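The structure appears below as structure tokens.
The values are calculated or read from the model by the stated rules, or taken from the named source; none is laboratory data. Just so it is clear, the structure is predicted and the values come from calculations on it, not from any experiment. Positions of Cβ are backbone-derived with ideal geometry, glycine not excepted, and every protein chain shown enters the neighbour counts. Accessible surface areas use protein heavy atoms only, side chains included; no ligands, DNA or RNA. Shrake-Rupley method; radii C 1.70, N 1.55, O 1.52, S 1.80 Å.
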Amino acid sequence: MKLTFLGTAAAEGLPAVWCNCSVCRKAKEMGGIEFRTRSQILIDSKLLVDFPMDTYMHMLTHKFDLSAIDSVLITHAHMDHCYPQEFVLHGEPFAHGMTEPKITVYGNATVAESFESATRAELKPEIAPSVPMKKVEPFDCFTTESGYKITALPAVHTAGEQCLFYAVEHCGKTALLFNDSGILPNETYDKMAKLGLKFDLVSFDCTYGHAKHGKGRHMGALDADGERDKMKECNLVHNGTKYVLTHFSHNCNLTHSELCKKEKDYGFTVAYDGMTVEI
Ligand SMILES: [Zn+2]
Ligand SMILES: [Zn+2]
Ligand SMILES: [Zn+2]
């Protein structure tokens, strides 16, 4: 399984869209690896995790075939993860010679509402069947068109919405992808263990940078370190498991290279836009 971290920023992007703080000014000067777009992960060429407004830019930058994607797993309805308006263009006369005729969008009830309201005015009836929206609940297991086995898991993120994150299994390898979540109750890890999940890669929300936030709706690297310990206790990971940090805010006050220096001793890989990892 090849994972490409297409975007690695929190909602504001980095440099943040309206910001002139020192980190954002430095990122603008340095460019390149210091630019972070809104979070999205491409798995092989068939599956996307999250669908932010930067999806189109990700296609331009990384030159992949967006029409080859047959499934999108949306974690929650926040604007940096869910931009359903783009799906109204999925078919003739807006797109020709598409690789896949259909793309299934998976998400919670709030994502389904957002999908419905964002596409109501412009989704043509002849395109609608090519973009089915499927509602998902915590601990649902399903298989995508290309045979990826997905387990939806309950995130700790925002009141009034059952935010999700996903375990993705294919060809004997499993990735656990957190976007967005604070630290999880032990009960969630126990349930993952009962489902027999074992992860070859875990990517963590790292909105707070090199920090311990404790209880909250996001994590810092030191929270992720604690979550990794819980995973080890529950036998959910192994000696070769890879650990990645993503979804960074400019409020971390750290450049990419500064983050890399801090996380090296913790065995975390700091994601950047376009980074690929194979498991
Ligand atoms: Zn987010
Ligand atoms: Zn800033
Ligand atoms: Zn969010």
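Distance from the Cα centroid of segment 1-66 to that of segment 144-189 is 21 Å (rounded to whole angstrom).
Would you tally the net charge around D50, using a Cβ to Cβ cut-off of less than 13 Å, leaving D50 out, and scoring K and R as +1, D and E as -1?
Once positives and negatives cancel, what remains is -4.
Relative contact order, whole percent, for the chain stands at 19, derived from Cα pairs under 8 Å and 6 or more residues apart. Based on protein heavy atoms only, the chain ends up with 44 Å² per residue of surface accessible to a 1.4 Å probe. Across segment 1-122, the convex hull enclosing all Cα atoms gives 117 Å³ per residue. Note on segment 2-278: dipole from Cβ charges, positive end direction compared against M57, M275, N179; the farthest Cα belongs to M275.
For segment 157-227, the relative contact order is 30 percent, taking Cα pairs closer than 8 Å that sit 6 or more residues apart in sequence and dividing their mean separation by the residue count. With R₀ set to 41 Å, the beta-carbon distance separating T143 from R217 gives a calculated FRET efficiency near 0.85. Taking a straight Cα-Cα cut-off under 17 Å and skipping sequence neighbours fewer than 8 places away in the same chain, the lysines within cross-link reach of K102 are K46, K124, K134, K135. Candidate cross-link partners of K215 among the lysines, defined by an alpha-carbon separation under 23 Å and a same-chain spacing of 8 or more, comprise K191, K230, K232, K262.
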